[in-house]
1. First obtain the Kirkwood hydrodynamic radius of the chain from its Cα pairs, then insert it into the Stokes-Einstein equation at 25 °C and 0.890 mPa s, and state the resulting D in µm² per second as a whole number.
2. Give me the distance in nm between label points sitting 7 Å out from Cα along the Cα-to-Cβ direction at Arg104 and Lys84, one decimal.
3. Could you pull the accessible area for Leu251 with a 1.4 Å probe, rounded to 10 Å²?
4. If each Cα of region 215-289 is one equal point scatterer, what is log10 of I(q)/I(0) from the Debye formula at q = 0.13 Å⁻¹?
5. In percent, what relative contact order does the chain have, based on Cα pairs under 8 Å that are 6 or more apart in sequence?
6. P(r) of region 102-234 in 10 Å steps, Cα pairs, percent per bin?
7. May I ask which of Lys286/Lys317; Lys108/Lys195; Lys85/Lys320; Lys13/Lys317; Lys213/Lys248; Lys44/Lys85 have a Cα-Cα span longer than 27 Å here?
8. When the helices in the chain are scored as -39500 (n - 2.57) per DSSP H run of 4 or longer and the sum is shared across all residues, what 222 nm value do you end up with, to the nearest 500 deg cm²/dmol?
Amino acid sequence: MAFPINRPRRLRKNENIRRLVRETTLSLDDLIYPIFVTFGKGVKEEISSMPGNYRYSVDMVVKEVKEAESLGIPAIILFGIPEKKDEVGSEAYNPNGVIQEAVRAIKKEASEILVITDVCIDEYTTHGHCGLVEGNEIVNDPTLKLLSKMALTHVEAGADIVAPSDMMDGRVGAIRGILDKKGYTQIPIMSYAAKYASAFYGPFREAADSSPKFGDRKSYQMDPPNSDEAIREIELDIEEGADIIMVKPALPYLDIIYRAREEFDVPIAAFNVSGEFAMIKAASDKGWIDEEKAMIEALISIKRAGADMILTYFAMKVAKILK
Ligand code: PBG
């Protein structure tokens with residue numbers, strides 16, 4: 001039945017009626033807060049391309065995590081910046097590395113909040129790639145051993161969930177295998193299943209000093225025009241034992257989140273990445289956009305597309321609004 005019987009504006013008349021018919025909500029329950037941990041003591045330095053986000057040393061990160069916990073954020077995800085990098089990313093699987101120490105320190109003081117750790121060696125290698133390098137090639141299978149070792153040291157330190165972001169083939173299975181063998185059958189894997197070779201990681205790479213020193217990540221991260229391939233990647237990760245799958249970035253890939261929601265019944269995470277954060281920040285700093293409104297609208301769109309949870313650098317800000 002058409003106009004004048006139907007008048008969709010009736011249900012938009014005021015905020016209370018809009019609340020009743022609202023289809024999607026953004027809640028504290030959806031948030032995962034990404035935090036950078038660096039070496040040294042007493043360090044809290046702002047990341048220039050990500051205002052309001054910092055690199056914290058282990059002693060300084062605990063306070064931030066406790067604040068996140070008191071705001072009701074359910075989880076954080078940690079990224080590490082080691083003092084020394086080398087060809088094989090040794091610091092990534094050093095049981096006393098920055099992330100392992102940070103997890104221990106956090107677990108002592110903030111026992112409730114879930115600690116997720118990013119598993120990938122790019123922040124730890126001199127060449128900045130997510131896998132071992134032979135000649136000009138990023139080699140797959142030898143990298144799996146290192147990733148498994150890295151994940152195990154995180155879990156031994158107390159990590160609640162591990163999140164491999166390297167995009168090597170078979171890494172979810174390899175990590176599941178070592179965790180189960182060591183008795184950690186109850187630790188979930190959140191896999192960056194459909195991770196694209198994206199220009200939107202720029203600010204992150206500045207923050208973590210992790211840009212590849214030669215070439216690019218196109219031989220392992222996905223080609224942006226592809227969508228069917230994302231479904232195949234997700235399927236493989238679920239088969240290998242992923243408990244939560246991730247689509248990354250979020251905003252330029254809402255169609256992928258939507259498709260994943262249609263095709264799979266596993267929990268879906270979306271990473272609202274550094275470049276997505278920086279765009280809103282920069283435009284609002286110039287007075288061109290309302291930061292708070294743009295932030296909420298962007299995050300709601302990710303939920304509407306089908307994500308169950310969102311990794312976002314806005315987490316603290318949103319939590320303060322939603323609380
Ligand atoms: C790899 C990793 C990256 C991000 C998360 N994990 C960078 C990359 O793949 O180059 C990017 C996150 C962001 O941009 O916010 N360890």
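1. Here the translational diffusion coefficient equals 121 µm²/s.
2. Those two pseudo-labels are separated by 1.8 nm.
3. Per-residue accessible area (Leu251): approximately 50 Å².
4. -0.48
5. Once divided by the residue count of the chain, the mean separation gives 18 percent.
6. 12, 39, 36, 12, 1
7. Check vs 27 Å cut-off fails for Lys108/Lys195; Lys85/Lys320; Lys13/Lys317.
8. Using -39500 (n - 2.57) per qualifying helix, the result is -12000 deg cm²/dmol.
The values are calculated or read from the model by the stated rules, or taken from the named source; none is laboratory data. Owing to the predicted nature of the structure, the values given are computational and were not obtained by experimental measurement. Please note: Cβ atoms are built from the backbone with ideal geometry, for glycine as well, and neighbour counts cover all protein chains shown. Remember, those area values only see protein heavy atoms, side chains included, never the ligands or the DNA or RNA. Shrake-Rupley method; radii C 1.70, N 1.55, O 1.52, S 1.80 Å.
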